[in-house]
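Peer 1: Got a structure for you, written out below as structure tokens; questions coming shortly.
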Amino acid sequence: MYKGSSKVPEEPPSLSVGECQVGKMPSKASSAKIQEWKDLLTTTITDISLLLSTLLGEEITNAINKASFTDKILMKIAKKQVEEASTPYISAALFLVFAGKKSNKELLSALLESAGIHPKEKMLNFALSLNFKNILAYVPALYFLNVMKRDLTSENLAMVVSAMDVPVDRSEAENIISIYQGINSKKRNSISAPKDAMQDKLNKAVGATLSLIAKLMVSELNRILEYRKVADNVDAFMPYVSVVGVLEFVGRDVKLEGEKKFTESVKKIIASVGLTPDNKLASYTSSSIGFGNFPFIYIPALYFLISVNGEATVASLLNVLKAVGIPADEAIAGFIYTFYKDNQ
């Protein structure tokens, strides 16, 4: 998505927007309609961050509470040392969730070594016990259903997640819907209160990561709406733009997997909510609006480094991404680092 410039984007090649299932639109969308979509998606992005932060924070708490009896004694005897030793491993596991990578000892070890940590077997096993499942798929899928005004049921949620090529767990779908409804009804509106400094530190890092991702996504949304073809056909385009946002949350990227495969995924998700995909809209959204280069993953990489070393640099960002097989770009790393500094 990163364009490397704050200038209004050059107009892509002309597109004859076909008739799509979200309805026929006049050639010029009113500024009120554009603002309506902008408000909806801005709120949605913020809400996704809140729910993800809640779910990931609670999983951290549950994992620590489930530690073995021996580990709990050790934590009481040398709490500060254990906190310092555990934090990098939990942070590494969280980063792999954001990167859409399945956690294993090899990836965890490579990631930790890139940050200057020599991995220990016992702590690697603890990190692997974290049960993050596919939270990062279910949450944006849930909000996509809301954006498309579909009923929020476990069946509908499972259909969207399956279209994202993520294994479906119906009980997980039901659990996430329940937590979402609890937050929505104001019965629970924050992460469970942390029981110690380590949990507090990790929960804050998760919240900060998601908050900055949300700000970047809103910035990207504003950039996309500067395209005349998008602004003139905003009702037709926004479902497709929303799908790209959904895919970004699970580590999918058009520049990494190619336009053909990415476009097919966009169409599958559109079809999962009962719409007939428009080939031109799907292709245009994937290829001509400047998506790609996977900028969001640089943010969790940055916070991983901060949680481990207290600081990050452009060079260390590149090292972390390369350690887990993600193509890294110095210009993007520099942009994200500056974006982080500007939003502190």
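The values are calculated or read from the model by the stated rules, or taken from the named source; none is laboratory data. Here the structure is a predicted model, which means the values were calculated and not measured. Here the Cβ positions follow ideal geometry from the backbone for every residue, glycine too, while neighbour counts run over all protein chains shown. Surface areas here come from the heavy atoms of the whole protein model, side chains and all, with no ligands, DNA or RNA. Shrake-Rupley method; radii C 1.70, N 1.55, O 1.52, S 1.80 Å.
Peer 1: Applying 1/(1 + (r/R0)^6) with R0 = 56 Å to the Cβ-Cβ distance of Thr276 and Lys102, what FRET efficiency is obtained, to the nearest 0.05? Intermediate values should be presented prior to the final figure.
Peer 2: Values: r = 33 Å, r/R0 = 0.59.
Efficiency at R0 = 56 Å is approximately 0.95.
Peer 1: Suppose all protein chains stay in the model; what accessible area per residue would a 1.4 Å probe give for region 213-344, in Å²?
Peer 2: Numbers: 4600 Å² over 132 residues.
Accessible surface, normalised per residue, equals 35 Å².
Peer 1: What is the distance in Å between the Cα centres of region 267-283 and region 95-122?
Peer 2: Comparing the Cα centres of region 267-283 and region 95-122, I get a distance of 36 Å.
Peer 1: Okay, moving on. Can you tell me the order of 88-95, 324-331 when each peptide is scored by its average per-residue count of other Cβ atoms within 10 angstrom, highest first? Walk me through the numbers before you get to the answer.
Peer 2: On the way: 88-95: 25.2, 324-331: 15.1.
Packing proxy ranking, top to bottom: 88-95, 324-331.
Peer 1: I need the calculated FRET efficiency for the pair Lys322 and Thr153, taking r as the beta carbon distance and R₀ as 45 Å, to the nearest 0.05. List each step's numbers first, then the result.
Peer 2: Working: r = 41 Å, r/R0 = 0.92.
After rounding, the FRET efficiency stands at 0.60.
Peer 1: Still on this structure, I have one more. So, with a 1.4 angstrom probe, what is the percent of accessible area on region 246-344 that is carbon and sulfur? Let's see the in-between values first.
Peer 2: Details: 1870 of 3880 Å².
Looking at region 246-344 in its full context, I get 48 percent from C and S.
Peer 1: Here's something else I'd like to know. Along region 230-241, what does the Karplus equation 6.51 cos²θ - 1.76 cosθ + 1.60 (θ = phi - 60°) give for ³J(HN,Hα), rounded to whole Hz, x for Gly and Pro?
Peer 2: Values, residue by residue: 6, 4, 6, 9, 4, 5, 6, 7, 4, x, 6, 4 Hz.
Peer 1: I need the peptides 233-243, 252-262 ranked by packing, meaning the mean over residues of other C-beta atoms within 10 angstrom, with the highest value on top.
Peer 2: Details: 233-243: 23.5, 252-262: 16.7.
The densest-packed peptide leads the list: 233-243, 252-262.
Peer 1: Taking 0.36 nm per residue of separation and subtracting the Cα-Cα distance, what length does fully extending Asp165 through Lys204 add?
Peer 2: Numbers: separation 39, 0.36 × 39 = 14.04 nm, distance 3.03 nm.
Working it through step by step, the gained length comes to 11.0 nm.
Peer 1: From the cross-link list Lys33/Lys204; Lys101/Lys260; Lys105/Lys215; Lys229/Lys267; Lys149/Lys280; Lys149/Lys204, which pairs have alpha carbons spaced over 26 Å apart? The partial results should precede the final answer.
Peer 2: Working: Lys33/Lys204 36 Å; Lys101/Lys260 22 Å; Lys105/Lys215 32 Å; Lys229/Lys267 20 Å; Lys149/Lys280 23 Å; Lys149/Lys204 32 Å.
Going by Cα-Cα distance, Lys33/Lys204; Lys105/Lys215; Lys149/Lys204 fall outside the 26 Å limit.
Peer 1: Pop out the ³J(HN,Hα) list for region 117-127 in order, Karplus 6.51 cos²θ - 1.76 cosθ + 1.60 with θ = phi - 60°, rounded to Hz; leave Gly and Pro as x.
Peer 2: With the stated coefficients, region 117-127 comes to 9, 8, x, 10, 3, 4, 6, 5, 4, 5, 4 Hz.
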